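Heads up, the thing below is written out as structure tokens.
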Amino acid sequence: MAFHSRCFVLCTTLVLISVFSLAKGHKGFGKFVRRLHTIQKPQEQWFTQKLDHFNGQDSRVWKQRYFVNDTFAQPDGPVFLMIGGEGPANPIWMDHGTWLTYAEKLGALCFMLEHRFYGKSRPTSDLSTDSLHFLSSRQALADLAHFRTTIAEIWGLSDRKWMAFGGSYPGSLAAWFRLKYPHLVHASVATSAPVHAQVNFPEYLEVVRRSLASENANCPLLVKKASDTLVELLKDPTTYDNITQDFNLCGKLQIQTESDSAYFLETLAGNFMDVVQYNQDNRAFEVGTLLLIIEFIYCISV
Ligand SMILES: *[C@@H]1O[C@H](CO)[C@@H](O)[C@H](O)[C@H]1NC(C)=O
Ligand SMILES: *[C@@H]1O[C@H](CO)[C@@H](O)[C@H](O)[C@H]1NC(C)=O
């Protein structure tokens, strides 16, 4: 789970427009209260979404998953939209997280929309290259716009102020959503949003190194030594059996291209990245078990 979002360790929160400047409107509350009355737990809901927002001749649709929490919703309150990212939308966010603190304070109705192609939101029957053509931030933003517009119409929420939330890649989406569709989004909270794309991004590992060094100055040196040793071994195919054994690989290590070596090294480096980025992160309820394991291995091996 960590691979996708570890690029985003730099933590900045952009509040594009103050959360607290939300004005209020009244229309349509009864409509959604009746609709929501039956919902107690964050049950899965399904939204009929367009496959291709940019081709008027393509009328194909699919079912996009979303969740609702109306616990704090006030008749005149805003609507919060948590943006799903590159993984299954975790319903735990419907009753945990800072955004609910804001929801309570502002009387917000809360939605979370899963990102196309992740979790149960599958626009296509397979993941062929032709299908993956429909996996893009551009389409995902249009999904958000269509969801926002349609739900507002159906539930009588058109006069409310809509606020988008997201962290990491969904944080970028939150910022872009506000920039691209300002008439649909009153404000966005873009948390740890990497809005500057960079192909080669060594700064990420510099943060990891600093973090490890803050515990023990020797630690990053040992990690580097281990890594350099492995880089050397990978140049010599006669050591592949050793590597296979040392890392308990499922099958004998096969390196055909430089990319294979890079991938292997990146996978191992990922453990250090993850332990820095995710240690203590929501461990109580989300990915705690995994992190405890990483932390444990890490501490006994270094
Ligand atoms: C909504 O959030 C509140 C506060 O965290 C929680 O008590 C409630 O169970 C949540 N409801 C749903 C449907 O998730
Ligand atoms: C690889 O394993 C063999 C057999 O266990 C051992 O003799 C050799 O020293 C190892 N090579 C390295 C580079 O660790």
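None of the figures in this text is laboratory data; all of them are computed from the coordinates on show. Note that the structure is predicted; figures quoted are calculated from it, not measured. Here Cβ is always computed from backbone atoms with ideal geometry, including for glycine, and neighbour counts include all displayed protein chains.
Could you please find all residues in the range 48-83 being part of a loop (DSSP other than H, G, I, E, B) and either farther than 18 Å from ALA108 by Cβ or within 16 Å of ligand 2 (Cβ to nearest atom) (or both)? Break it down stepwise before answering.
Taking the range 48-83 first, the residues part of a loop (DSSP other than H, G, I, E, B) are 51-60, 70-78.
Result: LEU51, ASP52, HIS53, PHE54, ASN55, GLY56, GLN57, ASP58, SER59, ARG60.
Are any of the residues in the range 247-259 within 16 Å of ligand 2 (Cβ to nearest atom), surrounded by fewer than 11 Cβ atoms within 10 Å (Cβ to Cβ) and not aromatic (Phe, Trp, Tyr)? Break it down into steps so the answer makes sense when it comes.
In the first step, residues of the range 247-259 are kept if they are within 16 Å of ligand 2 (Cβ to nearest atom); the result is 247-249, 252-253, 255.
So of that shortlist, the ones also surrounded by fewer than 11 Cβ atoms within 10 Å (Cβ to Cβ) come out as 248, 252.
Keeping just the survivors that are not aromatic (Phe, Trp, Tyr) gives 248, 252.
Yes; the residues of the range 247-259 include at least one that is within 16 Å of ligand 2 (Cβ to nearest atom), surrounded by fewer than 11 Cβ atoms within 10 Å (Cβ to Cβ) and not aromatic (Phe, Trp, Tyr).
Among the candidates GLY119, GLY84, GLY107, single out the residue that is touching a residue at least 60 places away in the same chain (Cβ under 8 Å) and either in contact with a Gly (Cβ under 8 Å, 6 or more places away or on another chain) or surrounded by fewer than 15 Cβ atoms within 10 Å (Cβ to Cβ) (or both).
Numbers: GLY119 fails: touching a residue at least 60 places away in the same chain (Cβ under 8 Å); GLY107 fails: touching a residue at least 60 places away in the same chain (Cβ under 8 Å).
Step by step, each of GLY119, GLY84, GLY107 is checked, and only GLY84 is touching a residue at least 60 places away in the same chain (Cβ under 8 Å) and either in contact with a Gly (Cβ under 8 Å, 6 or more places away or on another chain) or surrounded by fewer than 15 Cβ atoms within 10 Å (Cβ to Cβ) (or both).
For residues that are closer than 19 Å to ALA269 by Cα and surrounded by 12 or more Cβ atoms within 10 Å (Cβ to Cβ), scanning just the range 232-241, find the one that is nearest to ligand 2 (Cβ to nearest atom). Let's see the steps before the verdict.
Residues of the range 232-241 closer than 19 Å to ALA269 by Cα: 232-235, 240.
Now drop any that are not surrounded by 12 or more Cβ atoms within 10 Å (Cβ to Cβ), which leaves 233-234, 240.
Numbers: LEU233: 6, LEU234: 11, TYR240: 10 Å.
Among them, the one singled out is LEU233.
Working only within the range 239-258, note down all residues that are farther than 16 Å from SER227 by Cα, of a type in the set (S, T, N, Q) and assigned to a helix (DSSP H, G or I).
Answer for the range 239-258, where residues must be farther than 16 Å from SER227 by Cα, of a type in the set (S, T, N, Q) and assigned to a helix (DSSP H, G or I): just GLN245.
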